[in-house]
Amino acid sequence: MKYRVSLENILDRKLFASAKVVAGQKGMDRLVKWVHVFEMIEVRGNLKGGELVLATGFGWKDDESLFLKLLEQMIQRNVAGICIELGSFIDHIPEEAIQLADENNFPIIIFEEEVSFVDITQDIHAHLINQQYELITNLEDYSQRLNKRLLKIDNYFEILKNLQQYVNCQLIYIAKDHRVVTIPAMREKEREAMLARIHDTSSKQLVKQPVQVFEREFATIYLVSSCREFTEFESLLLDRTATALAQYLLRELYTEEKRKARETEWLLEWLQGEHSPEEIKDHLSFYKIHQPVSGAVVLTVKLKMAEGRDNNLDLAYLNMLIHNIFDQNGYFVFAVEKRHLLTFILLNKKGEEDWKIRIKRGIERLKKISLLNDASIASFQIAGGKFVRQLNLLHESFQTAQETLSIQDKMPAGHFKYFYEDMHMYRLISLVHKHSNLNGLVEEYLEPIIQYDEKHNANLLETLRVYLSCNGSKKETADRVFVVRQTLYHRLEKLEKLLGSDFMESEKRQVLEFALLANEYQKTISS
């Protein structure tokens with residue numbers, strides 16, 4: 001049933017048996033919302049649009065130009081049309097008025113004999129009210145049936161299919177991830193043509209409704225027809241369906257969140273070393289991981305968000321991306337989220353000899369295609385813990401990944417490392433810093449040089465660092481500090497006076513190298 005009353009429908013009613021359309025025939029599909037007896041010549045705020053006006057012509061009986069002005073106002077107000085009773089005050093419709101009405105598809109209907117406006121008003125109003133009552137009744141019936149089915153169905157497709165069968169037209173469902181569902185199913189070319197058509201929002205043969213959960217849009221449902229115009233009824237059906245679908249999605253999201261919470265709790269316990277090898281094996285079998293796993297490593301990603309962009313990061317997409325990248329590089333991936341700190345458990349499913357190379361390859365790819373291109377991320381750190389061969393020792397990898405993250409913050413520029421096992425001397429410096437007097441060591445070995453540099457605006461400390469890193473090669477050192485050989489000799493003499501002539505002997509050299517790194521470490525901490 002069509003829940004709309006157009007002028008064309010009204011002409012079929014008994015009281016309009018003698019009515020005649022004299023202008024605006026192409027506008028007879030206009031919807032009628034109400035009937036209004038109107039004899040004034042100024043519309044002002046009296047007409048809102050959609051009214052069928054009944055008039056005798058009393059207001060313009062002595063001046064046809066007044067009727068033209070009234071007609072223009074009603075056209076501008078989007079009035080449905082006008083019915084005029086001839087004979088009482090006017091006996092014809094001016095040609096100018098007929099021409100204006102035809103140009104704007106504005107129906108002018110005449111009664112050539114006396115009619116009762118009261119009877120017409122009561123009849124049409126009763127018809128409109130009955131239509132609305134039937135619409136509400138059928139809409140309520142649809143909603144109740146849909147809600148009953150919602151308790152039983154376990155697939156959103158059933159909800160969409162229920163709507164499509166009720167309205168009997170083409171339904172298109174487009175999810176936020178660009179997944180498209182068409183009911184009935186369409187061939188590829190037909191679907192492409194239909195998807196292009198849904199962008200025409202002015203079409204009366206198309207209605208759409210977004211599906212929202214907690215103000216977040218998950219999808220959009222479209223109804224499309226090639227042979228009929230949609231009414232308010234189809235829009236209301238679509239709205240009820242979108243609400244039911246949102247309830248279904250909310251239920252699914254709640255179930256998924258509970259599952260994720262349980263999974264996260266188990267993974268956190270694993271990272272803390274609380275699970276036995278048997279428990280870990282049973283848990284992995286749930287994910288159908290039956291092939292041998294030759295060790296594991298924990299990878300931690302710390303994100304620093306751009307100002308005001310905290311809510312813009314799509315963690316689901318980022319997790320999926322990281323999962324795919326490291327899966328392609330030979331790892332099973334499990335993720336644990338904690339605000340802007342992401343922890344990934346990487347289970348090695350290939351050989352052990354190149355585990356680090358494959359992770360580095362994944363990190364470089366991640367930097368290129370994701371993190372650096374996300375405007376919501378200002379900067380990030382990636383830290384890898386130690387590689388463990390036994391999965392119940394994963395907590396060691398987790399602890400060392402956290403320590404690596406901490407050490408990275410204190411490393412000087414140009415010395416950045418991803419993995420705990422590559423930190424070498426910095427691990428020792430960190431340990432000494434925690435448990436002994438690192439300042440005293442730096443002062444004992446480097447204080448004379450630091451004071452000399454400050455007093456003479458020299459650069460002996462840097463010369464020492466480069467000389468040691470070049471293994472005592474004077475030529476290479478001179479090139480790297482950009483001085484001639486004679487100047488370097490002069491600086492080395494100064495270093496011998498300040499440090500002693502034995503500063504290049506093995507044990508003392510090792511301590512000096514350690515002190516230089518410790519000095520850089522302390523500068524980073526204090527800056």
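The values are calculated or read from the model by the stated rules, or taken from the named source; none is laboratory data. All values derive from a computational prediction rather than experimental measurement. Neighbour counts are summed over all protein chains in view; Cβ atoms, including those assigned to glycine, are modelled from backbone coordinates with ideal geometry. Heavy atoms of the whole protein, side chains included, go into the accessibility calculation; ligands, DNA and RNA do not. Shrake-Rupley method; radii C 1.70, N 1.55, O 1.52, S 1.80 Å.
How tilted is helix 394-408 with respect to the longest principal axis of the chain? Cα atoms for both, answer in degrees (0 to 90, nearest 10).
80
Using a ≥ b ≥ c from the Cα gyration tensor of the stretch 66-136 (square roots of the eigenvalues), is it rounded, prolate or oblate, where a/c under 1.5 gives rounded and otherwise the larger of a/b and b/c decides, a/b for prolate? Can you show the working numbers first?
Details: a/c = 2.99, a/b = 1.47, b/c = 2.04.
It comes out oblate by the Cα gyration axes.
Near residue 85, within a Cβ-to-Cβ distance under 10 Å, what is the net charge of the other residues, with Lys and Arg +1 and Asp and Glu -1?
Values: positive: none; negative: 112, 113, 114.
Net charge in that neighbourhood comes out at -3.
Hey, if we sort 129, 363 by accessible area with the 1.4 Å probe, largest down, what's the order?
Working: 129 100, 363 0 Å².
From most accessible down to least: 129, 363.
Looking at the chain only, what percent of DSSP beta bridges run antiparallel? Nearest 5 please.
Values: 46 of 59 bridges.
Percentage antiparallel, nearest 5: 80.
Quick one: which residues, 5+ away or cross-chain, put their amide H under 5 Å from the amide H of residue 32? H built at 1.01 Å from N.
5, 6, 7
If you roll a 1.4 Å probe over the heavy atoms of the protein chains, what accessible area per residue do you get for the stretch 200-322, in Å²? Can you show the working numbers first?
On the way: 7260 Å² over 123 residues.
Spelled out: the 1.4 Å probe surface of the stretch 200-322, per residue, equals 59 Å².
Expressed as a whole number of Å, what is the distance separating the alpha-carbon centroids of the stretch 99-130 and the stretch 169-206?
Each part reduced to its Cα centre gives a spacing of 39 Å.
Counting every Cα pair in the stretch 223-289, what percent are over 19 Å apart? It would help to have the intermediate numbers written out before the result.
Numbers: 1326 of 2211 pairs.
The answer is 60 percent, as a whole percent.
If you take every DSSP beta bridge fully contained in the stretch 182-328, what fraction is antiparallel? Give it as a percent rounded to 5. Please report the intermediate quantities before stating the final value.
Working: 8 of 8 bridges.
Of all bridge pairs located within the stretch 182-328, approximately 100 percent are antiparallel.
Quick check: with the 1.4 Å probe, what order do 423, 504 take by accessible area, largest first? Don't skip to the answer; put the middle values down first.
Numbers: 423 5, 504 60 Å².
Sorted by accessible area, descending: 504, 423.
Please tell me the relative contact order of the chain in percent, rounded to the nearest whole number, where contacts are Cα pairs under 8 Å and at least six residues apart.
On the way: 690 pairs, mean separation 47.1, N = 527.
Normalised by residue count, the contact order of the chain is 9 percent.
Size of the dipole of the chain about the Cα centre, Lys and Arg at +1 and Asp and Glu at -1 on the beta carbon, nothing else charged, in debye to 20?
Working: 68 positive and 77 negative charges, 522 e Å.
Rounded to the nearest 20 debye, it is 2500 debye.
If you line up the long axis of helix 188-197 against the longest principal axis of the chain, both from Cα atoms, how many degrees apart are they, to the nearest 10?
Roughly 70 degrees between the two axes.
Ignoring ligands, DNA and RNA, please state the percent of accessible area on the chain from carbon and sulfur, probe 1.4 Å. Mind showing how you got there, number by number?
Details: 14350 of 29710 Å².
Looking at the chain in its full context, I get 48 percent from C and S.
Summing +1 for each Lys or Arg and -1 for each Asp or Glu, what net charge is found among the other residues whose Cβ lies under 13 Å from the Cβ of residue 262? Write out the running numbers ahead of the final one.
Working: positive: 258, 259, 260; negative: 256, 257, 263, 265, 269.
Result for the neighbourhood of residue 262: -2.
Tell me the net charge near residue 73. Cut-off is 12 Å between Cβ atoms, residue 73 excluded, with +1 for each Lys or Arg and -1 for each Asp or Glu.
Values: positive: 44, 69, 77; negative: 42, 72.
Summing Lys and Arg as +1 and Asp and Glu as -1 gives +1.
Tell me the label only: which of (1) 1.02; (2) 1.70; (3) 1.06 is Cα Rg over 2.2 N^0.38 Å as calculated from this structure?
The listed entry that was calculated here is (2).
Going toward the positive end of the dipole of the chain, with +1 on Lys and Arg Cβ and -1 on Asp and Glu Cβ, which of 6, 211, 488 do you reach last?
Looking along the dipole axis, the top candidate is 488.
Taking the 0 to 90 degree range and rounding to the nearest ten, how far is the long axis of helix 485-499 tilted relative to the main principal axis of the chain, both from C-alpha atoms?
70
Mind grabbing the accessible area of residue 179 for me, 1.4 Å probe, Å², rounded to tens?
The accessible area of residue 179 comes to roughly 100 Å².
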